[in-house]
Amino acid sequence: DAVLLERLSEAAGAPVGLMQLAIGAYDAMPVSVVTTAAHKWVETAHGSALDPRRFRANVLIESDHSQTDWAGKRIAFGPEDSSAGAELMITDGIPRCAMITIDPDTAVRDPSVLRTIAQQFGNAYGAYAAPAKKGLVQIGDVVRLLD
């Protein structure tokens, strides 16, 4: 649709288009979750600051706890007294690939990022999740571990 491409180009501030890939490029689960605690651990192990966008998480949760032991548990968004918030079922860790070596601002590759994740964290960083209950998710929501 030409109108959509024009609007997307205007929003991006540069021309955009569709790409057709010979092979698929998708993740295994609908949602990826990372906590700020896990991110800090990775930065410490790597020895430098890393832009969280590098890891392409759909949800970044400000927390003192890592999501590494959340598999099989649900998280809920919004206040405890609200039934409007969405819930996610955390399934397992996210195995990482070479995409995380690319700086989101410069596109410069740094293989040491993947090497750190592989050697220090068993090549897993973040958690896959699947929708467990539809509802709202808003920036700044309280996130609660349910199970």
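Since every read-out is calculated from the coordinates, none of them should be taken as a lab result. As the structure is a prediction and not an experimental result, all values here were calculated from the model. Glycine also receives a Cβ, built like all others from the backbone with ideal geometry; neighbour counts cover every protein chain displayed.
The string of couplings for region 48-64 from the Karplus curve (6.51, -1.76, 1.60, θ = phi - 60°) is 7, 5, 10, 5, x, 4, 4, 9, 6, 6, 6, 10, 10, 9, 6, 7, 8 Hz, one whole number per residue in order, with x for Gly and Pro.
Using the alpha carbons alone, the radius of gyration of the chain stands to its Kirkwood radius in an Rg to Rh ratio of 1.01.
The H on the amide N of ASP110, modeled in the peptide plane, is under 5 Å from the matching H of ILE102, ASP103, each at least 5 residues off or on a different chain. Taking amide H positions as modeled 1.01 Å from N, with prolines and chain starts lacking one, the residues under 5 Å from GLY85 and 5 or more places away or on another chain are LEU136. Under a 5 Å amide H cut-off, with hydrogens placed 1.01 Å from N, ILE94 pairs with TYR125, GLY126, ALA127, TYR128 among residues at least 5 apart or on other chains. For ALA132, neighbours were defined as the other residues whose beta-carbon sits under 14 Å from its Cβ, and their charges (Lys and Arg +1, Asp and Glu -1) total +3.
Given the -39500 (n - 2.57) contribution per DSSP H run of 4+ residues, what per-residue ellipticity at 222 nm results for the chain, rounded to the nearest 500 deg cm²/dmol?
On the way: 3 runs with 33 residues, N = 147.
After summing the helix terms and dividing by residue count, I get -7000 deg cm²/dmol.
When Lys and Arg each count +1 and Asp and Glu each count -1, what net charge do the other residues less than 11 Å away from ILE117, Cβ to Cβ, add up to? Net charge around ILE117: +3.
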